[in-house]
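Q: Please find one structure pasted underneath; my questions will follow.
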Ligand SMILES: [Zn+2]
Ligand SMILES: [Zn+2]
């Protein structure tokens, strides 16, 4: 039996907060909604088909939200999280976007913990 480190042991989904994953190699990842939406791996967000990437910018909006003069603040939520086989989930976002299929490999690649951020910057 092969157990790869890219397999989640446990996934906790909160549609208003985000996703937490405990990996089989005992690594732990926590993704905020804004971060996940910005890291959407679909073709239109990443410009995979040679088109302009339509990357969202929720993370920076989130950090600016302490600004009392900001009139418009969209509330980002996940409406639905649908498993795709045993390797991915598809997320329906409240902003109408639903083409992003997040493989566990992608989740692991974008893990925002300090250890992984440091590893990626090298
Ligand atoms: Zn997308
Ligand atoms: Zn990590």
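The values are calculated or read from the model by the stated rules, or taken from the named source; none is laboratory data. Keep in mind that this is a model prediction, so the values were computed, not measured. Because the Cβ atoms are built from the backbone with ideal geometry, glycine has one as well, and the counts that use them run over all protein chains shown.
Q: Looking at the structure I just gave you, is residue 63 modelled with pLDDT under 90 and not in a loop (DSSP other than H, G, I, E, B)?
A: So residue 63 passes the test.
Q: Can you pull out every residue in the stretch 77-122 that is assigned to a helix (DSSP H, G or I) and either within 13 Å of ligand 2 (Cβ to nearest atom) or surrounded by 15 or more Cβ atoms within 10 Å (Cβ to Cβ) (or both)?
A: Of the stretch 77-122, the ones assigned to a helix (DSSP H, G or I) are 104-109, 114-120.
Of everything in the stretch 77-122, those that are assigned to a helix (DSSP H, G or I) and either within 13 Å of ligand 2 (Cβ to nearest atom) or surrounded by 15 or more Cβ atoms within 10 Å (Cβ to Cβ) (or both) turn out to be 104, 106, 107, 108, 109, 114, 115, 116, 117, 118, 119, 120.
Q: For the stretch 2-60, what are the residues that are near ligand 1 (Cβ under 10 Å from one of its atoms), in contact (Cβ under 8 Å) with a residue 60 or more places away in the chain and either assigned to a loop (DSSP other than H, G, I, E, B) or over 12 Å from the mean Cα position of the chain (by Cα) (or both)?
A: Hits for the stretch 2-60 are 39, 40, 41.
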